[in-house]
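S.K.: Okay, here's the structure, questions in a sec.
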Amino acid sequence: MRIVSLVTQKGGTGKSSLAVSLAVAAAESGLKAVVLDIDPQGTAEEWYKRRTAEAPAVHSISWANLSSRLYRVSQQGYDLAIIDTPGADGHAASEAMKEAHFCLLPVRPSFADIEASKVTVRYLSDQAKPFAFLLNQCPTGGRTSRTSNARMALQLLGRLCGSTLAHRSDHVDALASGLGVTEFNPHGKAADEVRAVLQWLTARLRKLDAIETADDEAETIPLRAVV
Ligand SMILES: Nc1ncnc2c1ncn2[C@@H]1O[C@H](COP(=O)(O)OP(=O)(O)O)[C@@H](O)[C@H]1O
Ligand SMILES: [Mg+2]
């Protein structure tokens, strides 16, 4: 099982929306996915209550139980666990980063968002934890210079998800309907973008797996499906 944490100190950057939409897209691609919601705000948990479909499962838990719950879900045959965290520095975010194989940092293309991620980036770098920024809520309709500037800055750091997400109402409406964007509007642009992010993420996880395997000088054990 691979573990991905969505972390940023700022609220409203899209951690919860992406956690559930990526989990839905992962399930649609054949992966057994689970969301562990360690944010007391419970956005992912509330989303799950509005849902009729059972998969992907969402468990709302305390950060203190994260490690033991991850062990349990790994024993239940899950391929991918996505951890949704509170928008603040603290035990919950640190625990999520510690447990993750990979961290995604959703940021809007704004100086304030990128600046606010300094503490998170320092922590991840100290822990030698693989991570990438994910540009989210990028303006559409020609107003793209802010996105290009942010993309350039993050590319210089070598830490940018290869796909970005535009500001699209499907994200807001899907969250309100208990659906992932790929379910809410399967042929929409938001759905395509979420699938592209998932594809990038799973490719990255595969690459990390190959590196780990090489480090261990062990035989390659292919992870099930894409992870
Ligand atoms: N790409 C996007 N386009 C439009 N709205 C978005 C997008 N991503 C997230 N949102 C919306 O922004 C709000 C905050 O997102 P949320 O996922 O709750 O952020 P966080 O969990 O980081 O606090 C929600 O209403 C969500 O639907
Ligand atoms: Mg949230």
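The values are calculated or read from the model by the stated rules, or taken from the named source; none is laboratory data. What you are looking at is a predicted structure, and each value in this text was computed from that prediction instead of being measured. We place every Cβ from the backbone using ideal geometry, glycine too, and count neighbours over all the protein chains shown. Keep in mind that these areas ignore ligands, DNA and RNA; they rest on the heavy atoms of the full protein, side chains included. Shrake-Rupley method; radii C 1.70, N 1.55, O 1.52, S 1.80 Å.
S.K.: Suppose we keep only residues that are open to solvent by less than 30 Å² (accessible area, probe 1.4 Å) and out of contact with any helix residue (DSSP H, G or I) (no Cβ under 8 Å at 6 or more places or on another chain) within segment 97-115. Which one would you say is farthest from ligand 1 (Cβ to nearest atom)? Walk me through it before giving the result.
M.R.: If we filter segment 97-115 for residues that are open to solvent by less than 30 Å² (accessible area, probe 1.4 Å), which is where we start, we get 97, 100, 102-107, 109, 113.
With the extra rule that they be out of contact with any helix residue (DSSP H, G or I) (no Cβ under 8 Å at 6 or more places or on another chain), the set shrinks to 100, 113.
Working: ALA100: 16, ASP113: 10 Å.
The qualifying residue farthest from ligand 1 (Cβ to nearest atom) is ALA100.
S.K.: Now a separate question. On the given criteria, is LYS49 within 16 Å of ligand 2 (Cβ to nearest atom), under 23 Å from CYS161 (Cα atoms) and in contact (Cβ under 8 Å) with a residue 24 or more places away in the chain?
M.R.: Numbers: within 16 Å of ligand 2 (Cβ to nearest atom): yes; under 23 Å from CYS161 (Cα atoms): no; in contact (Cβ under 8 Å) with a residue 24 or more places away in the chain: yes.
So LYS49 does not fit the description; no.
S.K.: Looking only at segment 177-191, how many residues end up being surrounded by fewer than 20 Cβ atoms within 10 Å (Cβ to Cβ) and within 19 Å of the chain's Cα centre (by Cα)?
M.R.: So in segment 177-191, the residues surrounded by fewer than 20 Cβ atoms within 10 Å (Cβ to Cβ) come out as 177-178, 183, 185-189.
Narrowing further to those that are within 19 Å of the chain's Cα centre (by Cα): 178, 183, 189.
Counting residues in segment 177-191 that are surrounded by fewer than 20 Cβ atoms within 10 Å (Cβ to Cβ) and within 19 Å of the chain's Cα centre (by Cα) gives 3.
S.K.: I would also like to ask the following. Residues of segment 2-38 being open to solvent by less than 10 Å² (accessible area, probe 1.4 Å) and among the acidic types (Asp, Glu), which ones?
M.R.: ASP37
S.K.: Can you name every one of the helices (runs of 4 or more DSSP H) wholly within segment 154-225 that holds 1 or more residues which are among the hydrophobic types (A, V, I, L, M, F, W, C) and at pLDDT below 95? It would help to see each step written out before you state the result.
M.R.: Details: elements: 169-177, 181-184, 189-216.
Correct list: 189-216.
S.K.: Going through segment 4-31 one residue at a time, which ones are near ligand 2 (Cβ under 9 Å from one of its atoms) and in a helix (DSSP H, G or I)? Before you say what the answer is, go through the steps one by one.
M.R.: First, the residues of segment 4-31 that are near ligand 2 (Cβ under 9 Å from one of its atoms): 6, 11-17, 19.
If the condition is that a residue be near ligand 2 (Cβ under 9 Å from one of its atoms) and in a helix (DSSP H, G or I), then LYS15, SER16, SER17, ALA19 are the ones that fit.
S.K.: Within segment 119-144, how many residues are within 23 Å of ILE83 (Cα to Cα), open to solvent by 60 Å² or more (accessible area, probe 1.4 Å) and of a type in the set (Gly, Ala, Ser)?
M.R.: Final tally of qualifying residues: 2.
S.K.: Identify, please: which residue in segment 4-20 is polar (S, T, N, Q) and touching a strand residue (DSSP E or B) at 6+ places or on another chain (Cβ under 9 Å) and is, among those, farthest from ligand 1 (Cβ to nearest atom)?
M.R.: Here is the first cut: in segment 4-20, the ones polar (S, T, N, Q) are 5, 8-9, 13, 16-17.
Add one more test, that the residue is touching a strand residue (DSSP E or B) at 6+ places or on another chain (Cβ under 9 Å), and what stays is 5, 8, 13, 16-17.
Working: SER5: 12, THR8: 6, THR13: 4, SER16: 3, SER17: 3 Å.
The qualifying residue farthest from ligand 1 (Cβ to nearest atom) is SER5.
S.K.: Tell me which residues, restricted to segment 21-47, are in contact with a strand residue (DSSP E or B) (Cβ under 6 Å, 6 or more places away or on another chain) and among the β-branched types (Val, Ile, Thr).
M.R.: VAL34, VAL35
S.K.: Scan segment 165-180 for residues that are in contact with a Lys or Arg (Cβ under 8 Å, 6 or more places away or on another chain) and within 16 Å of ligand 2 (Cβ to nearest atom) and report the count.
M.R.: Residues flagged as in contact with a Lys or Arg (Cβ under 8 Å, 6 or more places away or on another chain) and within 16 Å of ligand 2 (Cβ to nearest atom) within segment 165-180 amount to 2.
Residue-by-condition table, conditions (1) free of Cβ contacts under 8 Å to residues at least 12 places away in the same chain; (2) farther than 21 Å from ALA196 by Cβ; (3) out of contact with any helix residue (DSSP H, G or I) (no Cβ under 9 Å at 6 or more places or on another chain):
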| position | (1), (2), (3) |
| --- | --- |
| VAL58 | no, yes, no |
| LEU66 | no, yes, no |
| ARG69 | no, yes, yes |
| GLN75 | yes, yes, yes |
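S.K.: State whether the residues of segment 87-96 include one that is open to solvent by less than 20 Å² (accessible area, probe 1.4 Å) and among the hydroxyl-bearing types (Ser, Thr, Tyr). It would help to see each step written out before you state the result.
M.R.: Quick first cut of segment 87-96, residues open to solvent by less than 20 Å² (accessible area, probe 1.4 Å) only: 92-93, 96.
Cutting the leftovers down to among the hydroxyl-bearing types (Ser, Thr, Tyr) gives us none.
Within segment 87-96, none of the residues are open to solvent by less than 20 Å² (accessible area, probe 1.4 Å) and among the hydroxyl-bearing types (Ser, Thr, Tyr).
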